[in-house]
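The block underneath contains the structure these notes are about, expressed in structure tokens.
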Amino acid sequence: MLKGRVINLNGGIYKVLLEDSNIISVKARGKLRSEKQYAVNQKSYSKKAVLQTIKNSPKVGDIVYIENDMIDHYEPRKNELIRPDIANVDQILLVFAAKEPDFSFYLLDLFIVNIIKQNIKPCIVISKIDKLNDNELNDLKKSLEYYQNMGYPVLYVNSKSGEGVDKVKEALDNKITVLSGQTGAGKSTLINAIIPDFNLKTSEISFALGRGKHTTRETNLYIYNNGFIGDTPGFSKLDVLGVDKNELSSLFIDFKDYSCRFKDCNHTENIMGCSIKEAAKNGEILSSRYDSYLKMYKQLLEGEKK
Ligand SMILES: Nc1nc2c(ncn2[C@@H]2O[C@H](COP(=O)(O)OP(=O)(O)O)[C@@H](O)[C@H]2O)c(=O)[nH]1
Ligand SMILES: [Mg+2]
Ligand SMILES: [Zn+2]
């Protein structure tokens, strides 16, 4: 059996990069084309059930095995994104502007929670560093050291001059990467600084969730050195999607060092001895991280009451 990685899907035709670097176009066997619809809550704070189509067909990013010019089966996935529809994503390149739009720690934390929830690692890229003066940039770097200590790389670029872009190129090696970040953060400019003819599609994808049909659109991974880059960004406008308020603290991985001894503590109230609240108070947990947690928790709580 031939083994390879799906790098493109368009109308049921899979382009598979084989181990010998050849690319072949194949279909999937019939048993891999069935679909089922399940009622799911898309947002944990919405009581309204929406229908989601669960497909067992291979998708872009899958490691597949081919027999008689058909995909026979694929390896278990370590994760899968819905938008873009890509499996086995190694990292999200989270592009945040240093300025224009203003840097927001809350928004950064919100993106990170969503990424961790998908079982993916963020790589933070701060763009437009040329828009800050030296003092402002140093202050930002100082605050972001905290994120580096959490294990998330933080890179700094001026995509217009090319400063710092080599470090981003290195970060892409050997990985499947999807870009993410607010509109205007600098995703397209950054990717064009890396690959001049790259066409990063707009993130405004209309997807027919719950309407009982699925749009036929192309999903594509671009081969870059030994890695792959999705040509469509992931979530750009966000809420705390699909997160249960009781799992929220587990998505703040820096909180794990301060295991709270109270079983049902949500770490939001003034409970004497809550180690997370205390760590936030004495600065061991970055205060903006804790504020982000409180804000998200409150939103999830309010959503439940609706
Ligand atoms: N000065 C400066 N401007 C940038 C940089 N990166 C992006 N921009 C500008 O910011 C605006 C938004 O960038 P764009 O790449 O379209 O953002 P996207 O929506 O995330 O794809 C554009 O006007 C870019 O020229 C940068 O590193 N420095
Ligand atoms: Mg863009
Ligand atoms: Zn607690």
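Assorted remarks:
- Largest GNM mean-square fluctuation across N56, N158, N282, computed for the chain with C-alpha springs under 10 Å, falls on N282.
- Surrounding net charge for S287, when Lys and Arg each add one and Asp and Glu each subtract one, Cβ distance under 15 Å: -2
- Simple label model, 7 Å out from Cα along Cβ direction - N225 to E304, nm: 4.5
- Theoretical FRET efficiency, 1/(1+(r/R0)^6), r = Cβ-Cβ of I23 and E145, R0 30 Å, to 0.05: 0.10
- In the chain the longest region clear of GluC sites (Glu not before Pro) that are loop-assigned by DSSP and have at most 16 other C-beta atoms within 10 Å covers 20-203.
- Helical content of the chain, expressed as a calculated mean residue ellipticity at 222 nm, amounts to -7000 deg cm²/dmol (DSSP H runs of 4 or more residues, -39,500 (n - 2.57) each, divided by residue number, nearest 500).
- Using Cβ point charges alone (K and R +1, D and E -1), the dipole size of the range 91-230 about the Cα centre works out to roughly 580 debye.
- Residues N246 and D173, FRET efficiency given R0 of 35 Å [Cβ-Cβ distance, rounded to 0.05]: 0.40
- DSSP H segments from the chain that extend 20 Å or more along their own axis, Cα-based, with Kyte-Doolittle mean of 0.5 or above: none
- Charged side chains reduced to their Cβ positions (Lys and Arg at +1, Asp and Glu at -1) give the chain a dipole of some 1200 debye around its Cα centre.
Each value in this text was obtained by applying a stated rule to the coordinates, not by laboratory testing. Fair warning: this is a prediction, and the values are worked out from it, not measured in the lab. With ideal geometry, Cβ positions are generated from the backbone for all residues, glycine too; neighbour counts draw on all protein chains shown.
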